[in-house]
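Peer 1: Quick one: this structure, given as structure tokens, is what I'll be asking you about.
The values are calculated or read from the model by the stated rules, or taken from the named source; none is laboratory data. Computed from a prediction, not measured in an experiment: that's the story for all the values here. As a convention, Cβ positions derive from the backbone with ideal geometry for all residues, glycine included, and neighbour counts pool all protein chains shown. Just so you know, the surface numbers come from the protein's heavy atoms only, side chains and all, with ligands and any DNA or RNA stripped out. Shrake-Rupley method; radii C 1.70, N 1.55, O 1.52, S 1.80 Å.
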Amino acid sequence: MADVFEVLGRDHTEVKRMLDELEAGPTAATGASENALERRRTLLQKLITAESMHEAVEEEYFWPTVREHVPDGDALADHAIVQEQSGKQELDDLIAVHPLQDRFEGLLSDFIAGAREHIDFEEEQVWPRLRGVITAEQATGLGGRLQAAKRLAPTRPHSNTPPKPGLLKATAPVVGVADRMLDRMTGRDRG
Ligand SMILES: [Fe+2]
Ligand SMILES: [Fe+2]
């Protein structure tokens with residue numbers, strides 16, 4: 001069974017691949033066709049789904065574990081959650097903008113830079129410290145909880161929801177179901 005680092009690492013790899021692809025373009029300014037812009041929009045929606053689910057389950061299960069076990073865990077979690085909230089706000093802003101609009105590429109490159117910084121912070125600053133203080137069984141148990149929570153996790157950023165683990169655990173499955181209904185109605189799940 002996959003441990004917490006494998007579960008989160010797979011998500012990071014997938015997100016980084018999408019960030020690279022979005023960064024490579026083409027964009028409206030570099031002469032992208034209408035079809036290419038539509039593909040760009042679809043890829044952004046996939047990225048938003050992946051990011052929303054990933055950060056939601058981290059906030060429900062990963063950061064509370066870091067706070068509990070890692071010396072200075074509170075400071076690490078606080079810093080990461082500020083990064084996550086700012087990323088969610090940027091994604092909420094991006095949802096409302098079309099790739100043809102002037103603001104789109106600026107918002108997107110801000111998000112890409114912040115997302116890479118956040119992933120590096122987690123992998124380089126947080127994971128080694130957590131690895132050093134939890135057992136293999138705890139790491140596998142946490143990986144299982146993250147995978148289970150992802151099945152019903154929100155697929156949209158919800159930047160206005162406070163990132164409180166208890167609140168998120170209580171509301172995430174309900175919000176996750178509502179998000180999926182909306183994804184089906186808008187065809188986003190077929191992107
Ligand atoms: Fe995160
Ligand atoms: Fe992460």
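Peer 1: Where nothing but the Cβ of Lys and Arg (+1) and of Asp and Glu (-1) is charged, how large is the charge dipole of the chain around its Cα centre, in debye to the nearest 20?
Peer 2: The calculated dipole for the chain is roughly 800 debye.
Peer 1: About its Cα centre, how strong a charge dipole does region 76-155 have in debye, to the nearest 20, once Lys and Arg get +1 and Asp and Glu get -1 at the Cβ?
Peer 2: For this selection, approximately 500 debye.
Peer 1: Go through 142-154, 28-40 and give me the packing order, highest mean Cβ count within 10 Å leading.
Peer 2: Result, highest mean first: 142-154, 28-40.
Peer 1: Put +1 on the Cβ of each Lys and Arg and -1 on the Cβ of each Asp and Glu in the chain; which of Leu8, Val177, Phe121 then has its Cα farthest toward the positive end of the dipole?
Peer 2: Farthest towards the positive pole: Val177.
Peer 1: To continue, here is another question. Just want to confirm a number: the relative contact order over the chain, from Cα pairs under 8 angstrom separated by 6+ residues, in percent.
Peer 2: 37 percent
Peer 1: Right, next: Compare the peptides 52-58, 117-123, 96-102 by average per-residue count of other Cβ atoms within 10 angstrom and give them in order, highest first.
Peer 2: Final packing ranking: 52-58, 117-123, 96-102.
Peer 1: Sorted from largest to smallest, which semi-axis lengths in Å does the alpha carbon gyration tensor of region 54-191 give for its equivalent ellipsoid, taking the root of 5 times each eigenvalue?
Peer 2: For region 54-191, the semi-axes come out at 28, 20, 12 Å.
Peer 1: Using only the alpha-carbon atoms, how far is helix 4-24 inclined from the longest principal axis of the chain? Give it as 0 to 90 degrees, nearest 10.
Peer 2: Computed tilt is about 20 degrees.
Peer 1: Measure nothing fancy, just the Cα-based angle from helix 165-185's long axis to the longest principal axis of the chain, in degrees from 0 to 90, nearest 10.
Peer 2: The angle comes out at about 30 degrees.
Peer 1: Helix-derived [θ] at 222 nm for the chain: sum -39500 (n - 2.57) over DSSP H runs of at least 4, divide by residue count, nearest 500?
Peer 2: Calculated mean residue ellipticity at 222 nm is -24000 deg cm²/dmol.
Peer 1: Next question, about the same structure. Toward the positive end of the charge dipole of region 15-131, about the Cα centre and with charges on Cβ (Lys, Arg +1; Asp, Glu -1), which of Ala28, His79, Trp63 goes farthest?
Peer 2: It is Ala28.
Peer 1: Still on this structure: Going Cα to Cα from Lys46, which lysines come in below 21 Å? Please leave out same-chain ones fewer than 8 positions away.
Peer 2: Filter leaves Lys16, Lys88, Lys150.
Peer 1: Output the 0 to 90 degree angle, nearest 10, between the alpha-carbon long axis of helix 73-95 and the longest principal axis computed from the alpha carbons of the chain.
Peer 2: 20 degrees
Peer 1: Still on this structure, please answer the following. Dividing the Cα convex hull volume of region 12-131 by residue count, how many Å³ per residue is that?
Peer 2: Output value, Cα hull per residue: 88 Å³.
Peer 1: How far apart, in nanometres, would the label points at His79 and Trp127 be if each is projected 7 angstrom from Cα along the Cα-to-Cβ direction?
Peer 2: Between His79 and Trp127, the simple spin-label model gives 1.7 nm.
Peer 1: Express the carbon and sulfur contribution to the solvent-accessible surface of the chain as a percent, rounded to the nearest whole number, probe 1.4 angstrom.
Peer 2: Carbon and sulfur together cover 53 percent of it.
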